[in-house]
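The next block holds one structure in the form of structure tokens; read it before the comments.
The values are calculated or read from the model by the stated rules, or taken from the named source; none is laboratory data. If you're wondering where the values come from, they're calculated on a predicted model, not measured in any experiment. Note that we place each Cβ from the backbone using ideal geometry, even for glycine, and neighbour counts take in every protein chain shown. All accessible areas refer to the heavy atoms of the entire protein, side chains included, with ligands and DNA or RNA removed. Shrake-Rupley method; radii C 1.70, N 1.55, O 1.52, S 1.80 Å.
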Amino acid sequence: ADDVRSFTAFSLTLFLTLLTCFIDLVSFSFVLWSIQPQLFAVIVLYAAFGTGVASVLGRRLVPLHFDKLRKEADFRYALVRTRENAES
């Protein structure tokens, strides 16, 4: 029962946060467009460029992070086996 309550509370909070962010994005976009359409276009292009760069860099970092975790796990395994062999 507590798991279901926690899941529904988290889901509701996430949904409301996303809805609020979307409404803010749309309303501020309309305001900025009415003030300066060129600035709005530049901001959208800047955000798209930043997202693209972050995606490219992130794609390269994921395998590196996986390799790091695997090597750390292998090291911990070797330490445990060394300790077990030293005790016997």
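For the stretch 60-88, give me each residue that is of a type in the set (Asp, Glu) and either surrounded by 10 or more Cβ atoms within 10 Å (Cβ to Cβ) or at pLDDT 95 or above (or both).
Those that are of a type in the set (Asp, Glu) and either surrounded by 10 or more Cβ atoms within 10 Å (Cβ to Cβ) or at pLDDT 95 or above (or both): 67, 72, 74.
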Checked against (1) of a type outside the set (Val, Ile, Thr); (2) open to solvent by less than 80 Å² (accessible area, probe 1.4 Å); (3) within 30 Å of residue 26 (Cβ to Cβ); (4) over 17 Å from the mean Cα position of the chain (by Cα), residue 45 satisfies every condition except (2)
